[in-house]
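Taking it in order: structure first as structure tokens, then the write-up.
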């Protein structure tokens, strides 16, 4: 690919950044457009398990695997499953040398990728309004200030509510029927010993029917809680979501009858609650190729947060960059990339949908165990929700 090829990536998330990293490694210039005003303008979300055959493979290909390992927490692979009475159902511990899916804070991984790029690669505070295809296979990036720039390739890495996707597809995210309400605890080992005992070194999940409570240990003694339930998207109708006491009361009513140690997750969080309804794209989301425009990560295949999304975004980013590097034209690069990415996304979206149904069934049964026929010991669904924007 020519070093004069003009490539734009919309979105400075994990997939877009690793794509830019690999392109720059091979001398291909790239600009990343990000609406956030600065790298640390908001929290980047919780912890991620980076899997061997997807996320780790991408980090190896980008030359950042050793740096990732230095930041990761292999001990975070520990997982505890409880019922609503706080009875321990299952306790999985990672072996001493197990690096199959070590945890890392999303913010730490993003910072690692940002630091690997040439200065000025990311154009902070530059939001994109839309993208339109142009003759001869190029595309125009439209900014909110009514200016535009033309590129040989525009990559939509801008997540669930992508501004690039409409150039390729009419698909819109739809509500799954499941909501995650996020809460936070700091310095748990000293200030919240009960929470620390529940979560251990990694993740805990307590579930009963249509409801679950999840705790995830992040770095530096921080724990994120996810209060998950099936219900209407407007479950908070008539409720001011900024009124922490009112939200707490509503959630405690939903979890009436659960063990007191589990209800402490709802009672003692620091700060407010964050409402995160869960959206997905259609399982079979695909599009007819449009010259000069493509998607990666959640922009292409938004799935339930069951441990898949970030790993696929990293793999998408590396594979798209490699396709651009290895093929003589953008069109042939997109053909190679999309012919692999889209079927893989469909397979993973189908599995993620099944996992969500198992994790959050539309029933009030108290059975907290996962059916062994569906989930052998080494393929249990990951109960750890990814951060959702």
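Scanning segment 78-113 for residues that are under 16 Å from the mean Cα position of the chain (by Cα) and in a helix (DSSP H, G or I) yields 106, 107, 108, 109, 110, 111, 113. Looking at the structure I just gave you, is residue 195 modelled with pLDDT of 95 or more, over 16 Å from residue 103 (Cβ atoms) and buried (at least 22 other Cβ atoms within 10 Å of the Cβ)? Considered against the rule, which asks whether it is modelled with pLDDT of 95 or more, over 16 Å from residue 103 (Cβ atoms) and buried (at least 22 other Cβ atoms within 10 Å of the Cβ), residue 195 comes out as no. I'd like to check something: does segment 203-217 contain any residue that is over 20 Å from residue 93 (Cα atoms), assigned by TED's automatic domain parsing to the domain that holds residue 273, at pLDDT below 95 and out of contact with any strand residue (DSSP E or B) (no Cβ under 9 Å at 6 or more places or on another chain)? The answer is yes; a qualifying residue exists. Checked across segment 3-18, the condition of being in a helix (DSSP H, G or I) and surrounded by fewer than 16 Cβ atoms within 10 Å (Cβ to Cβ) holds for no residue. If I filter segment 243-253 for residues that are under 22 Å from residue 82 (Cβ atoms) and surrounded by 20 or more Cβ atoms within 10 Å (Cβ to Cβ), do I get at least one hit? Within segment 243-253, one or more residues are under 22 Å from residue 82 (Cβ atoms) and surrounded by 20 or more Cβ atoms within 10 Å (Cβ to Cβ). Here's a check for you: in segment 287-300, which residue that is closer than 23 Å to residue 134 by Cβ and under 20 Å from the mean Cα position of the chain (by Cα) is surrounded by the most Cβ atoms within 10 Å (Cβ to Cβ)? Per the stated criteria, the residue is 296. Just so you know, in segment 342-373 the residues that are surrounded by 12 or more Cβ atoms within 10 Å (Cβ to Cβ) and at pLDDT below 60 include one that is nearest to residue 207 (Cα to Cα), and it is 368.
Candidates 149, 75: the one that is within 22 Å of the chain's Cα centre (by Cα), surrounded by fewer than 19 Cβ atoms within 10 Å (Cβ to Cβ) and not in a loop (DSSP other than H, G, I, E, B) is 75.
The set of residues in segment 59-72 that are under 15 Å from residue 106 (Cβ atoms) and in a helix (DSSP H, G or I) comprises 59, 68, 71.
Would you check if residue 120 is surrounded by fewer than 16 Cβ atoms within 10 Å (Cβ to Cβ), under 23 Å from the mean Cα position of the chain (by Cα), at positive phi and part of a loop (DSSP other than H, G, I, E, B)? The answer is no for residue 120.
The requirement of being surrounded by fewer than 23 Cβ atoms within 10 Å (Cβ to Cβ), at negative phi and in contact with a helix residue (DSSP H, G or I) (Cβ under 6 Å, 6 or more places away or on another chain) is fulfilled nowhere in segment 166-186; no residue meets it.
The set of residues from segment 166-191 being in a loop (DSSP other than H, G, I, E, B) and within 30 Å of residue 243 (Cα to Cα) comprises 173, 186, 187.
Is it fair to say residue 163 is touching a residue at least 40 places away in the same chain (Cβ under 8 Å), crowded, with 16+ Cβ neighbours inside 10 Å and not in a helix (DSSP H, G or I)? Judged against the criteria, residue 163 is a match. Candidates 60, 42: the one that is free of Cβ contacts under 8 Å to residues at least 24 places away in the same chain and under 19 Å from the mean Cα position of the chain (by Cα) is 42.
Take residue 125 and tell me if it is surrounded by fewer than 21 Cβ atoms within 10 Å (Cβ to Cβ) and either outside the structural domain of residue 21 (by TED's automatic domain parsing) or without any contact (Cβ under 8 Å) to a residue 60 or more places away in the chain (or both). Taking the combined requirement at face value, the residue does not satisfy it.
The values are calculated or read from the model by the stated rules, or taken from the named source; none is laboratory data. Source: prediction; values computed, not measured. Please note: Cβ atoms are built from the backbone with ideal geometry, for glycine as well, and neighbour counts cover all protein chains shown.
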